[in-house]
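Computed from the coordinates by the stated procedures, all read-outs in this text should not be read as laboratory data. Here the structure is a predicted model, which means the values were calculated and not measured. For neighbour counting, all protein chains shown are included, and Cβ atoms are generated from backbone atoms with ideal geometry for every residue, glycine included.
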Amino acid sequence: MALAKIVYASMTGNTEQAADLFEETLQASGMTVEKEQVDDSDADFYDDADLIVYATYTTGMGDTPEEAEDFLDDIEEKDFSGKPFVVIGSGDSEMHEDTFCFAAIDAAKIFEKTGAKELAPVYKINNAPEGEEKDGLIELAKEVAKKF
Ligand SMILES: Cc1cc2nc3c(=O)[nH]c(=O)nc-3n(C[C@H](O)[C@H](O)[C@H](O)COP(=O)(O)O)c2cc1C
């Protein structure tokens, strides 16, 4: 069975909800999934993954969460050539319209530098996944799982 590995950064739980939903949907679609919070993880975690999933909120003015900085610095040094990846972002498009989900967008650029292949554009969610955004996230996970 194909192995998906999810790392997420979440302060108040919104991104965690998105990561949980993605995990459950991938599992229901037949994938094996392992998931870690970014402060408990390191870049080597993805070494044996068939699919890389990274989920993050954005803080400050479009900033990467501090607890994710070392992790992403180490990711930048990795060679994940050909490995597929998906990035999920949670942000707030009303309060932070100009920097909506910037940390997720920046993370996707870092994964691209490793040679990994972006399976879908960064999936952006307003705060917790609800309604159409929730449905879209489930749909994305189903589509991604079909590739394995
Ligand atoms: C101090 C602060 C700064 C924020 N800055 C941004 C931002 O620049 N861009 C954005 O899209 N969201 C921003 N947000 C919104 C959070 O990213 C959003 O609420 C997210 O859902 C939090 O995720 P979490 O519950 O997983 O911690 C900010 C929130 C706080 C509290």
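Below are the figures for this structure:
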| item | result |
| --- | --- |
| Difference of contour (0.36 nm per residue) and Cα-Cα distance, Phe148 to Lys109 | 11.7 nm |
| Set Lys5/Lys109; Lys113/Lys142; Lys83/Lys134 screened for pairs whose C-alpha atoms are more than 20 Å apart | Lys113/Lys142; Lys83/Lys134 |
| Where only alpha carbons of the chain are counted, the Rg and the Dmax (Å) | 13.8, 41 |
| Share antiparallel - DSSP beta bridges, the range 20-121, percent rounded to 5 | 10 percent |
| Candidate aspartates and glutamates for bridging to Lys35, where Cα separation is under 17 Å - those fewer than 8 sequence places away on the same chain excluded | Glu16, Asp20, Glu23, Glu24, Asp44, Asp47, Asp48, Asp50, Glu67 |
| Per-residue [θ]222 nm for the chain (sum of -39500 (n - 2.57) over DSSP H runs n ≥ 4, rounded to 500) | -10500 deg cm²/dmol |
| Relative packing of 131-141, 25-35, which averages over residues the other C-beta atoms within 10 Å, highest first | 25-35, 131-141 |
